[in-house]
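Colleague: Sharing a structure below in structure tokens format, with a few things to ask.
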Amino acid sequence: MGSNPYASLEPGRRREPVPLYPEVSTSTVLLRGLRKRCPRCADRDTFVGWFRMRTACSRCDLRFAKEEGGFLGAMTLNYVVAIGIWLVMLGVALVLTVPTVPVVPLLALSAVILIGIPLWFYPRSRMLWAAIEFLVHRSDPDYRAPVARDPRTRDLE
């Protein structure tokens with residue numbers, strides 16, 4: 001009465017592979033990107049410095065930049081956020097100060113916003129774009145999430 005070495009091959013006895021990182025919602029993936037975390041596993045170690053992102057996650061090995069020049073989307077996100085904040089500030093300032101608009105303070109505040117926001121948001125825009133690319137990749141029918149290996153099959157590989 002020994003164990004059957006072929007039990008895993010019998011129909012109806014096959015186990016589904018266990019994903020290493022559970023699937024999370026789209027909003028969770030995007031929030032991870034905004035928090036400068038890996039979109040798949042939420043690892044915090046995504047940047048070497050403020051302006052230098054790792055090429056892949058050190059925990060789950062997700063590549064952050066899928067292709068050369070893949071940062072163009074991140075630059076666009078950064079630009080849109082900075083201009084959006086600047087336009088809101090400009091609109092509020094104009095509504096509150098018309099007809100005597102203080103031009104010099106408005107120019108100074110504009111410079112602070114249009115220089116400071118892109119610098120602060122840069123790493124977040126890079127990881128947010130990596131999260132968007134991950135969502136696109138995850139929606140591919142051929143996408144397979146990393147799974148935990150069955151320790152019983154370690155010798156077979």
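The values are calculated or read from the model by the stated rules, or taken from the named source; none is laboratory data. The structure displayed is predicted, hence computed values, not measured ones. So basically every Cβ, Gly included, is an ideal-geometry build from the backbone, and we count neighbours across all protein chains shown. These area figures cover heavy atoms from the full protein model, side chains too; ligands, DNA and RNA do not enter into them. Shrake-Rupley method; radii C 1.70, N 1.55, O 1.52, S 1.80 Å.
Colleague: Being of a type in the set (Val, Ile, Thr) and under 20 Å from residue 33 (Cβ atoms) is the filter here; which residues of region 84-121 pass it? Can you show your working first?
Modeller: Looking only at region 84-121, we keep the residues that are of a type in the set (Val, Ile, Thr), and these are 85, 88, 92, 95, 97-98, 100-101, 103-104, 112-113, 115, 117.
85, 117, listed by residue number.
Colleague: Select, from 116, 69, 49, 91, the only residue that is surrounded by 11 or more Cβ atoms within 10 Å (Cβ to Cβ) and out of contact with any His (no Cβ under 8 Å at 6 or more places or on another chain).
Modeller: Values: 69 fails: surrounded by 11 or more Cβ atoms within 10 Å (Cβ to Cβ); 49 fails: surrounded by 11 or more Cβ atoms within 10 Å (Cβ to Cβ); 91 fails: surrounded by 11 or more Cβ atoms within 10 Å (Cβ to Cβ).
None of the other options fit; the residue is 116.
Colleague: Quick one: is residue 2 at pLDDT below 85, on the phi > 0 side of the Ramachandran plot, out of contact with any helix residue (DSSP H, G or I) (no Cβ under 8 Å at 6 or more places or on another chain) and part of a loop (DSSP other than H, G, I, E, B)? Steps first, please.
Modeller: Values: at pLDDT below 85: yes; on the phi > 0 side of the Ramachandran plot: no; out of contact with any helix residue (DSSP H, G or I) (no Cβ under 8 Å at 6 or more places or on another chain): yes; part of a loop (DSSP other than H, G, I, E, B): yes.
It is false that residue 2 is at pLDDT below 85, on the phi > 0 side of the Ramachandran plot, out of contact with any helix residue (DSSP H, G or I) (no Cβ under 8 Å at 6 or more places or on another chain) and part of a loop (DSSP other than H, G, I, E, B).
Colleague: Let me ask something else about it. Across region 134-151, which residue is nearest to residue 73 (Cα to Cα) among those that are touching a strand residue (DSSP E or B) at 6+ places or on another chain (Cβ under 9 Å) and open to solvent by less than 50 Å² (accessible area, probe 1.4 Å)? Steps first, please.
Modeller: Here is the first cut: in region 134-151, the ones touching a strand residue (DSSP E or B) at 6+ places or on another chain (Cβ under 9 Å) are 145-148.
Those still in the list that are open to solvent by less than 50 Å² (accessible area, probe 1.4 Å) too: 145-146, 148.
Working: 145: 24, 146: 26, 148: 33 Å.
Looking at residues that are touching a strand residue (DSSP E or B) at 6+ places or on another chain (Cβ under 9 Å) and open to solvent by less than 50 Å² (accessible area, probe 1.4 Å), I get 145.
Colleague: What are the residues in region 21-35 that are at pLDDT 90 or above and either in contact with a Ser or Thr (Cβ under 6 Å, 6 or more places away or on another chain) or among the hydroxyl-bearing types (Ser, Thr, Tyr) (or both), if any? Let's see the steps before the verdict.
Modeller: Looking only at region 21-35, we keep the residues that are at pLDDT 90 or above, and these are 24-35.
Selection gives 25, 26, 27, 28.
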